[in-house]
Amino acid sequence: MPSQLPPVGPGLDRTIRRNTITLAAALAIAWTVIQLQSAVTTITTELLTGQTAQAGVASALFLVTLGLVAIPAGRLMDRVGRGPVIAAGFALAAVASGGLFVAVSTVSLGLFLTAMAALGIGLGAATLARVGAADMAPPARRGTVIGRVLVGAAIGAILGPIVFAPLLAGETADVASLSAPWILAALIATVGAAVVLSIRHDPLAIARQLATNSHDEGDPTVPSATAPRRPLSLILRQPGIPAAFGAVIVAQGVMAIAMSVVGLEMHHHGQDLGAISVALAVHIVGMFGLSPVNGIVVDRYGRQISLVVGLLICAGGAVGLAVGATLVTVLPAIFFVGVGWNLAFLAGNARIADATAPQERAASLGALDMATLLTSASMTLLGPAFLSVGDLTPLMLVAAAAAALPAAYLARGRTLAVAT
């Protein structure tokens, strides 16, 4: 990897464009494997344990490790660069996928849980690829560039079912049909490591050069690339950062609780698996499909208004889900929940990136990942538990209120935008 970066200008612009495509490809690969995990883990756990009540244990373990690794991986990225850590995450995911193949083939629950935790750690590091996008953009275009990279997640979410479908086409879920896809997942994760290692100039080095150049030109909105790394606790107490964190966490919670109960409620009302799959696909499109447009909105209209609008769209989607579980009401509602989450997520990421220097940015965004993923794990457990004793309508109305209240608070508050 060359140590000399091109000077600011056309040469560096070409490097940034190439890196942006590479990081988007990395997210596509990571989400392809994540989709496999989402599709088979619950069924596999039920098969290995013989108990439906324990079917969610491995999925919860995956989400927890996916979240807990984010801060350590981010800290390491801030020290050694983005590429090496992302590539190492893919390498670990490849090894873990091989372990999952062996675990399912040999009906070993202990190995299965261990390998699933390792998969969460590896993919938790790999999905921090968006940090590199935040590195390579000036504040005024940061939302746009992050949005472009997140398109990779949409591609992976769509490709996952297509890639693994031939290996999951059997009528019954048995050891053979549930283990074979993990061999392909190991190969895909290995490709992910190779793709990331093809990066010639690490985004962290680019971020430092851009930050240094901005300071030389007297731009006060860009944190210094030479200042000492601040403690994470200090960064998170900066004005506007707690509000941005809170807004993203609330949007994540609304989305997670919606996704944890919509499929169940549709099933309870006689909807078949095909209809449920369509609803999930529409939600994924809402989550990532409009990322480029939402990124432009974040940059043009500001971080604060984007957080407010994102939360309100989430609230509107939740109200739509409260109306009923028919496909006519679920499809637009679940789409808007995803769109609202995406807008709030992009705005929150841009705001945190605005307020952090390159050498502390990955750890800060990793903290956001940890908070949102642990929120998802909690809501995934709480949503079905509530639905078992209650009804969808009050649950989703509470979720809508949970999004609308902080939106009202932010709408009356002081600006969160550093550069908009």
Within region 293-307, count every residue that is open to solvent by 10 Å² or more (accessible area, probe 1.4 Å) and closer than 15 Å to ALA402 by Cβ. 0
Does GLY348 satisfy the criteria of being open to solvent by less than 20 Å² (accessible area, probe 1.4 Å), touching a residue at least 60 places away in the same chain (Cβ under 8 Å) and under 16 Å from the mean Cα position of the chain (by Cα)? yes
Checked VAL95, VAL104 against criteria (hydrophobic (A, V, I, L, M, F, W, C), touching a helix residue (DSSP H, G or I) at 6+ places or on another chain (Cβ under 9 Å) and surrounded by fewer than 19 Cβ atoms within 10 Å (Cβ to Cβ)); the one match is VAL95
Considering each of ALA173, ALA140 in turn, give the residue that is closer than 30 Å to SER97 by Cβ, small (Gly, Ala, Ser), modelled with pLDDT under 90 and surrounded by fewer than 18 Cβ atoms within 10 Å (Cβ to Cβ). ALA173
In region 310-322, which residues are surrounded by fewer than 24 Cβ atoms within 10 Å (Cβ to Cβ) and touching a residue at least 60 places away in the same chain (Cβ under 8 Å)? LEU312, GLY316, VAL319, ALA322
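Okay, residues lined up against (1) part of a helix (DSSP H, G or I); (2) touching a Ser or Thr at 6+ places or on another chain (Cβ under 8 Å); (3) surrounded by fewer than 16 Cβ atoms within 10 Å (Cβ to Cβ); (4) modelled with pLDDT of 95 or more:
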residue	(1), (2), (3), (4)
LEU331	yes, no, no, no
ILE334	yes, no, no, no
GLY340	yes, no, no, yes
ILE352	yes, yes, no, no
ALA371	yes, no, no, no
THR375	yes, no, no, no
ALA385	yes, no, yes, no
SER388	yes, no, yes, no
LEU410	yes, no, no, no
Condition first: assigned to a helix (DSSP H, G or I), in contact with a Gly (Cβ under 6 Å, 6 or more places away or on another chain) and open to solvent by 30 Å² or more (accessible area, probe 1.4 Å). Can you find one or more residues in region 49-70 that meet it? no
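The values are calculated or read from the model by the stated rules, or taken from the named source; none is laboratory data. Nothing here was measured: the structure is a model prediction, and the numbers come from that model. Note that each Cβ is placed from the backbone with ideal geometry, even for glycine, and that neighbours are counted across all protein chains shown. Each accessible area value is taken on the protein alone, full model and side chains, heavy atoms only, with ligands, DNA and RNA left out. Shrake-Rupley method; radii C 1.70, N 1.55, O 1.52, S 1.80 Å.
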